[in-house]
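Since the structure comes first, as structure tokens, the remarks are kept for the end.
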Amino acid sequence: MRYVDNQPPSKSEKGKNAIGSYFIPRTTSGAQPSLKGVLQSKEVIWRAYRSISKWMIVSGLPFNAANDPCFQEMFDAVCNLGADFKAPTMHMLRGALLDSWVDEVHDLVESYRNVWKHTGCTIMADGWTDRCRRTLINFFVYCPKGTVFLKSVDASHASKTAYLLYQLFKDIVLFVGPENVVQFVTNNATNNVAAGRLLEAEFPKIFWSPCAAHCINLMFQDIGKLKEVDEAVAHASKITKYVYNHCYPLYLMRKFTGGKEILRPAPTLFATNFIALQSILAQKDALRAMVTSRDWTNSANSKDDKAKRFVEQVLNSRFWKECTDIVKITEPLVWLLHLVDSEEKPSMGYLYQAFYKAREEMVKRFQRKKKKVEPYLKILDSRWDSQLRRNLHAAGYWLNPGCHFNCEEFEKHELTTSSLFRCY
């Protein structure tokens with residue numbers, strides 16, 4: 001059946017073609033190829049490949065788009081229609097075809113609503129500023145079936161007061177259905193915290209929670225203000241800045257590290273600074289071997305004052321010792337951030353246990369230098385008690401079957417039982 005106009009097929013017409021879904025396309029991996037396909041010469045196949053690659057190059061499409069399952073699916077559908085098939089026009093693509101996909105996405109979101117009713121859901125608010133300096137707030141809804149984007153609100157026209165955010169959050173909750181919402185997650189800015197409290201007062205069965213990844217990032221921010229950490233990050237930044245601002249040192253660094261890069265500290269992403277310290281510490285021997293090699297000493301780059309300061313910085317044993325201690329202390333916290341910021345599995349049932357495990361690991365690593373780790377633990381405990389220690393997280397720990405297998409550890413957190421009851 002050919003559709004020469006811009007109108008999509010009706011539901012009855014779709015039903016007629018439903019039998020095709022029972023047969024594997026000939027281009028599917030493992031399917032038996034057609035006689036015509038087997039007899040095609042290599043030149044004809046190569047010409048087809050070139051036509052596809054030409055279209056991608058001219059259109060500026062990334063080549064990894066060919067890894068998308070829809071790529072082969074498109075050719076399966078085209079091959080089934082024969083040689084006289086004509087590609088859809090631009091007007092069809094942006095008209096009826098686009099509308100059909102919008103309808104399908106709408107139907108998909110509606111199907112999620114049934115899951116929200118049975119399991120409950122979490123609403124997530126993510127505020128950001130675009131290139132035009134507009135303040136946008138994106139809203140997502142998470143449930144066991146998956147996460148859907150709900151809407152984006154332009155909040156540039158008004159001051160972000162707690163009451164304004166509360167009204168905005170309330171509208172989203174009413175749209176999803178208060179009886180379906182278990183948790184509302186935002187970052188822990190002061191206005192969001194106040195709006196969350198107003199939301200909990202309006203809907204007693206809904207829990208407001210701060211974003212765990214944001215809270216842990218703020219822990220890194222506080223740790224970064226410690227004198228020895230600030231000095232170590234600044235020192236590492238000088239080393240990486242010199243290397244990446246000069247061609248020959250960068251070439252030489254890649255030669256000695258086997259092509260591995262060194263992450264550079266970022267001014268706003270606080271956790272990145274500690275990941276950067278891990279990265280530069282891993283290349284300690286390579287960097288020291290580089291600045292003492294003949295390739296470096298015989299080069300013209302090693303003669304100027306900046307290069308000499310760079311060599312002193314790389315050979316500074318005090319920096320490497322401090323860097324080792326900081327990485328050793330913060331490594332469990334970096335692991336915790338990876339856990340809560342991962343998309344592999346929900347972290348609600350693991351956050352409570354993971355935090356205490358990370359804290360215990362930090363203490364264990366510095367049993368003989370307790371004074372060294374005390375400022376770090378103080379920062380962790382302060383943020384945990386004031387922001388992340390929520391009844392819902394404790395309830396998630398109690399309800400996680402994996403946490404019950406270790407009886408000794410579970411007995412340490414008996415108070416989670418009372419937190420579980422408070423959630424009902």
Give region 321-362 a look and list any residue that's open to solvent by 80 Å² or more (accessible area, probe 1.4 Å) and touching a Pro at 6+ places or on another chain (Cβ under 9 Å), or say none.
Lys357, Glu360
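Listed here are the residues, each with its yes/no results for (1) in contact with a Pro (Cβ under 8 Å, 6 or more places away or on another chain); (2) open to solvent by less than 40 Å² (accessible area, probe 1.4 Å).
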site: Gly224; (1), (2): no, yes
site: Ala236; (1), (2): yes, yes
site: Arg254; (1), (2): no, no
site: Ser279; (1), (2): no, yes
site: Lys284; (1), (2): no, no
site: Leu287; (1), (2): no, yes
site: Phe310; (1), (2): yes, yes
site: Phe319; (1), (2): no, yes
Does Val185 satisfy being modelled with pLDDT of 90 or more, buried (at least 19 other Cβ atoms within 10 Å of the Cβ) and out of contact with any Ser or Thr (no Cβ under 8 Å at 6 or more places or on another chain)?
no
Counted residues in region 42-65 being farther than 21 Å from Lys86 by Cα, in a helix (DSSP H, G or I) and of a type in the set (Gly, Ala, Ser) come to 1
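For every residue, the table says whether it meets (1) part of a helix (DSSP H, G or I); (2) more than 25 Å from the chain's Cα centre (by Cα).
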residue: Trp208; (1), (2): no, no
residue: Val229; (1), (2): yes, yes
residue: Ala232; (1), (2): yes, yes
residue: Lys260; (1), (2): no, no
residue: Phe274; (1), (2): yes, no
Take region 78-90 and flag every residue that is of a type in the set (A, V, I, L, M, F, W, C) and over 16 Å from Ala48 (Cα atoms).
Leu81, Met90
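The values are calculated or read from the model by the stated rules, or taken from the named source; none is laboratory data. Treat the numbers as computed from the prediction; the structure is a model and nothing was measured. A quick note on method: Cβ atoms are made from the backbone with ideal geometry, for glycine too, and the neighbour counts reach across all protein chains shown. All accessible areas refer to the heavy atoms of the entire protein, side chains included, with ligands and DNA or RNA removed. Shrake-Rupley method; radii C 1.70, N 1.55, O 1.52, S 1.80 Å.
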